[in-house]
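Undergrad: Here's a structure for you.
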Amino acid sequence: MAVLGGGAAGFFGAIACAEANPALRVVLIEKTGKLLSKVRISGGGRCNVTHAADTAAQLVQHYPRGARQLKEAFKQFGATDTVQWFASRGVALKTEPDGRMFPVTDSSETIAQCLLEAARRAGVDILTHTTAEQIQPLPGGGFQLMLTGAHAQTLPVSRLLIATGGAPKSEQYGWLRQLGHSVQEPVPSLFTFNVPNSPLRELPGVSVPHARVRVAGEKLEYEGPVLVTHWGVSGPAVLKLSAWGARRLHELQYQSTALINWIPDFTEDTLRQYLLQYRELHGKKQVAGNPLFGLPQRLWRTLAEQAGIAPDMRWLELPLKLQNRLIENLLRTSLPVQGKTTYKDEFVTCGGITLAEVNMRTLESRLLPGLHFAGEVLDIDGITGGFNFQAAWTTGYLAGRAMAEATLVPAM
């Protein structure tokens, strides 16, 4: 058995296979010298392992692509199974208020070392600085791998798991197309919005815990925390919106207008009514100097200033025209988006192997028996919050188990 890719899905698949059938020799092949690199950098170095969800139905709500196909897979190995898997190997996870789950150590190295140790105990043979230059299906079944690099050799294997991750360019999937598979074109997901001419450019670091971001003219919107940055806007609401709208935003060449509602609990009518009452009660207060709705002082002052409200103007003196502009800014701050920026170092794509060509119970190719897939090489991606890792654990585990169960005698 061989596994291509030394990331989360590859390790989980190799471990699952080796543990399920100890008689097998399982070889994990990684072209670089870095194992579990995304595990180590994720979550700001804390590793967002999964998300607290008791059922498959809860989990699948967070996958812009792959939700329907993952439902049965999550019933076999879901978030609670992930928690138990790590707990049984001495790693406890904790749940944060927003549902994200991290190791209690708050260190991604805890997760990386757990996986490395589990692979060692299971007898997985790890080859780094090694590339599978050619994959040749054999007439009687199985594959012949032409390996180059530190462990150059011709390696025959009965089954092969491909867990090489997502790729930003379509041509990087050429070798998989040569095996007969079709690929959904890769486009970026989970990115922030670049707004070089942002009216908020003087407010980097300002955050609002509950806002709504919408793309003008599109059925794309998301609520959640928003962070103003030096280059535009970020935060969970923007990142999750970028995931759900990944293909459409790509079609728009990342040129759009983002509309931010800083107080989504209000409608225009309820906001007008609120301001009318506030004005009657606090008419002598300065508008710009007294932020409402719990908004940060700097943001409120900027929204008032852009509405044309002088710093010393009081509510009693506020013309209806300027109040209308303030309402517009509160409900629909318009940001001309011109491009995107990768979120931290966590590159995620949508796209990959077409799911219709894969049996999602075993992750085996429907086109080429003995070939399995796991992780981001598949056309599956989740929003932020531990969902991409959960998809990696699930698909890796099911693929590894299926590979082991399909082999009844000791084999490579």
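Undergrad: Return the sequence-ordered ³J(HN,Hα) values of segment 167-177 in whole Hz as given by the Karplus equation 6.51 cos²θ - 1.76 cosθ + 1.60 applied to θ = phi - 60°, using x for Gly and Pro.
TA: 9, x, 10, 4, 5, 6, 9, x, 5, 7, 5
Undergrad: Let me ask something else. May I ask you to evaluate 6.51 cos²θ - 1.76 cosθ + 1.60, the Karplus curve with θ = phi - 60°, for each residue of segment 133-142 and list the ³J(HN,Hα) values in order in whole Hz, giving x for glycine and proline?
TA: Each residue of segment 133-142 in turn: 6, 9, 10, 10, x, 9, x, x, x, x Hz.
Undergrad: Taking N as the number of residues in segment 1-154, what is its alpha-carbon radius of gyration divided by 2.2 N^0.38 Å? Write out the running numbers ahead of the final one.
TA: On the way: Rg = 17.1 Å, N = 154, 2.2 N^0.38 = 14.9 Å.
With N residues counted in segment 1-154, Rg over 2.2 N^0.38 Å equals 1.14.
Undergrad: Considering only 287, 337, 348, give the residue with the highest GNM mean-square fluctuation for the chain, with springs between Cα atoms whenever their separation is below 10 Å.
TA: 287
Undergrad: Could you order peptides 65-75, 230-240 by the average number of other Cβ atoms within 10 Å of their residues, highest first? Could you put the intermediate results ahead of the total?
TA: Working: 65-75: 18.5, 230-240: 21.5.
Put in order of decreasing packing, that is 230-240, 65-75.
Undergrad: What does the extension gain come out to for residue 312 and residue 270, with contour length at 0.36 nm per residue minus their alpha carbon separation?
TA: On the way: separation 42, 0.36 × 42 = 15.12 nm, distance 2.60 nm.
Contour length minus the Cα-Cα distance gives 12.5 nm.
Undergrad: Could you tell me how many cubic angstrom of Cα convex hull volume the chain has per residue?
TA: 142
Undergrad: Here's another thing I want to ask about it. Extension gain residue 338-residue 281, at 0.36 nm per residue separation less the Cα-Cα distance, in nm?
TA: Numbers: separation 57, 0.36 × 57 = 20.52 nm, distance 4.23 nm.
Additional length available on full extension: 16.3 nm.
Undergrad: Can you tell me the alpha carbon radius of gyration of segment 191-342 divided by the globular rule-of-thumb value 2.2 N^0.38 Å? Working shown, then result.
TA: On the way: Rg = 15.8 Å, N = 152, 2.2 N^0.38 = 14.8 Å.
Normalised Rg, Cα atoms only: 1.07.
Undergrad: Using 23 Å as the Cα-Cα cut-off, could you pick out the over-long pairs in 219/321; 34/75; 38/71; 240/340? Write out the running numbers ahead of the final one.
TA: Numbers: 219/321 30 Å; 34/75 32 Å; 38/71 25 Å; 240/340 14 Å.
The pairs that break the limit, which is 23 Å between Cα atoms, are 219/321; 34/75; 38/71.
Undergrad: Another question about this same structure. Taking the Cα atoms of segment 257-412, report the difference between the largest and smallest coordinate on each principal axis, in whole Å and largest first.
TA: Largest to smallest, the principal-axis extents are 86, 30, 25 Å.
Undergrad: Convex hull over the Cα atoms of segment 186-270, averaged projected area in nm²?
TA: Averaging across all directions leaves 5.7 nm² for the Cα convex hull.
Undergrad: Name the shape class, rounded, prolate or oblate, that the alpha-carbon gyration tensor gives for segment 1-79, where a ≥ b ≥ c are the square roots of its eigenvalues, rounded holds for a/c under 1.5, and otherwise prolate holds if a/b is larger than b/c and oblate otherwise.
TA: Values: a/c = 2.28, a/b = 1.35, b/c = 1.69.
Oblate, because a/c is 1.5 or more while a/b does not exceed b/c.
Undergrad: How do 156-164, 52-60 rank on mean C-beta neighbours within 10 Å, highest first?
TA: The packing order, highest mean first, is 156-164, 52-60.
Undergrad: If you don't mind, another one. Where does each of 269-278, 19-28, 216-225 land if you order them by average Cβ count within 10 Å, highest first? Numbers along the way, then the final one.
TA: Details: 269-278: 13.1, 19-28: 19.6, 216-225: 15.5.
Listed from highest to lowest mean packing, they are 19-28, 216-225, 269-278.
Every number here is computed from the coordinates shown, using simple stated rules; none is lab data. Please read these numbers as outputs of a predicted model, since none were measured by experiment. Heads up, the Cβs are rebuilt from the backbone with ideal geometry, glycines too, and the neighbour counts pull from every protein chain shown.
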